[in-house]
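Every number in this text was worked out from the coordinates using simple rules, so none of it is lab data. Computed from a prediction, not measured in an experiment: that's the story for all the values here. Note that each Cβ is placed from the backbone with ideal geometry, even for glycine, and that neighbours are counted across all protein chains shown.
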Amino acid sequence: VHNDPEVPEGGTLGLGVIGCGYWGPNLVRNFGESRRARVTAIADLRPERLAAMRGRAPEARTTTSHRELIEDPAVDAVAITTPVSTHFDLARQALEAGKHVLVAKPLTSTSAESEQLIALAAERNLVLMVDHTFVYTGAVAKIKQLLDDGSLGELLYVDSVRVNLGLFQHDVNVIWDLAAHDFSILAHLIDQPPLTVSATGASHSGSGLEDVAYVTLRYPNDLIAHCHLNWLSPVKIRQTLIGGSERMLVWNDLAADEKVKVYDKGITVGEPGDPDYYAAAVSYRIGDAWIPQLARHEALALEADHFIDCILNGARPITGGEAGRDVVRLLEATSASLREGGRPIDLETRRPAEAMR
Ligand SMILES: NC(=O)c1ccc[n+]([C@@H]2O[C@H](COP(=O)([O-])OP(=O)(O)OC[C@H]3O[C@@H](n4cnc5c(N)ncnc54)[C@H](O)[C@@H]3O)[C@@H](O)[C@H]2O)c1
């Protein structure tokens, strides 16, 4: 959209934000702090949320009608931070009105809906991006670098714990809410998609939506990933263990500093022909631990800046519609596995993996 006469001189984009409950205000703040964008309109069904936003974005027009925001000529791009079940319809309307769109995770409730948005954005030459926030963190960037430069060796496993008390979402279960983060991180770190996914869970709130869940992903070469998701935990934990054949690391996202620690630990397995094989088939390697420097930016600031770059300079979104769709496809497979009592679902056929044998 470079040289687009719709974009005001100086390249300042008009941004509209639909949905200002818990997450939306963070986008308002980060776009508001950008020199290349202004928040020109905010929509929320709840007038009290609009009143709360007036102090934070005094220049923005506020409305309870998303249509009014989408049709506003001062709005070049729309960020959608409403409940998941509303994402598709709002994003579709915004794209049809010729607006670039950034949608909160997960992109849509079904992968078919994601496909429709991808096609619509391509047809109209508009940017469709999904807010996979963690992909833009300094921690994930560092972990990706350590994987790509071989520091960790061959990736063996990823083990993630993402638990806290609430915030209960009313239209999706804890997997669609929290594992959306893990799936986007895993897709960013690992070049290949998983082969199968299995999920078990339970619902204790009376809603029928799982609030405690365990998800296992299997990849080629015995790489395994596990995600523990829980809205009923007494403590908040955001911890990921990543095991490589050379080194291992612990990422504690709640740590103020030193979020990532790399351990020079591992095992050496003896060769069967080795005379010492039976005495010491496995020996342990215990070396130093170190704390890499992470880029210290707010993930959403980088993400907002990238979205603006995609619109003004034609950059390709790091987390575009396809990345959003892939996460939704995985989430759909977890729902299929839950329905099948935890049977692994083959991600190519979308059927229980055992049925292939
Ligand atoms: N990236 C992250 O770390 C992160 C964190 C939290 C939430 N989220 C995502 O953000 C989205 C919103 O979650 P939340 O926790 O802020 O929910 P929320 O319920 O706190 O807020 C949603 C808001 O949207 C408004 N809304 C709903 N339909 C609307 C419509 N048609 N027009 C205008 N306003 C409408 C509601 O009135 C509400 O104020 C979800 O997709 C969630 O997954 C992302």
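Label separation (A51 vs L232): 3.6 nm, computed from points 7 Å beyond Cα along the C-beta direction.
Checking the cross-link pairs K144/K261; K144/K265; K105/K265; K105/K144 against a 24 Å limit on the alpha carbon distance flags K105/K265 as lying beyond it. Spatial offset of the range 161-214 relative to the range 74-132 amounts to 22 Å, using the alpha carbon center of each.
Within the chain, DSSP assigns beta bridges of which about 60% are antiparallel (rounded to the nearest 5).
Shown here for the range 94-189: GluC sites (Glu not before Pro) in loop regions (DSSP other than H, G, I, E, B) with at most 11 other Cβ atoms within 10 Å, of which there are none.
Legend: calculated FRET efficiency, L167 to E123, from the Cβ-Cβ distance at R0 = 41 Å, rounded to 0.05, equals 0.70.
How much net charge surrounds R162 when only other residues with a Cβ under 10 Å from its Cβ are counted (Lys, Arg +1; Asp, Glu -1)? Spelling it out: positives minus negatives among the neighbours equals -1. Per residue, the average separation of C-alpha pairs within less than 8 Å and at least 6 apart gives the range 234-298 a relative contact order of 26 percent.
How large is the charge dipole for the range 199-306, taken about the Cα centre, if only the Cβ atoms of Lys, Arg (+1) and Asp, Glu (-1) carry charge, to the nearest 20 debye? Could you put the intermediate results ahead of the total?
Details: 9 positive and 15 negative charges, 47 e Å.
With Lys and Arg at +1 and Asp and Glu at -1, about 220 debye.
If you run the Gaussian network model on the chain, springs between alpha carbon atoms under 10 Å, then out of N313, N252, N221 the most flexible one is N221.
Neighbours of S184, meaning other residues whose beta-carbon lies under 10 angstrom from its beta-carbon, give a summed charge of -2 when Lys and Arg score +1 and Asp and Glu score -1.
Based on C-alpha pairs under 8 angstrom that are at least 6 apart in sequence, the range 31-74 has a relative contact order of 39 percent.
Taking amide H atoms as placed 1.01 Å from N in the peptide plane, the amide H of V17 lies under 5 Å from those of A41, I42, A43, A79, each 5 or more residues away in sequence or on another chain. Given H placed 1.01 Å from N in the peptide plane, which residues other than close sequence neighbours of A315 have an amide H under 5 Å from its amide H? For A315, whose amide H was placed from the backbone, the distant partners under 5 Å are C310. Given their separation in residues at 0.36 nm each and the Cα-Cα distance between them, D89 and I267 gain 59.0 nm when the chain is fully extended. Taking 7 Å steps out from each Cα toward its Cβ at H204 and D222 produces label points 3.5 nm apart.
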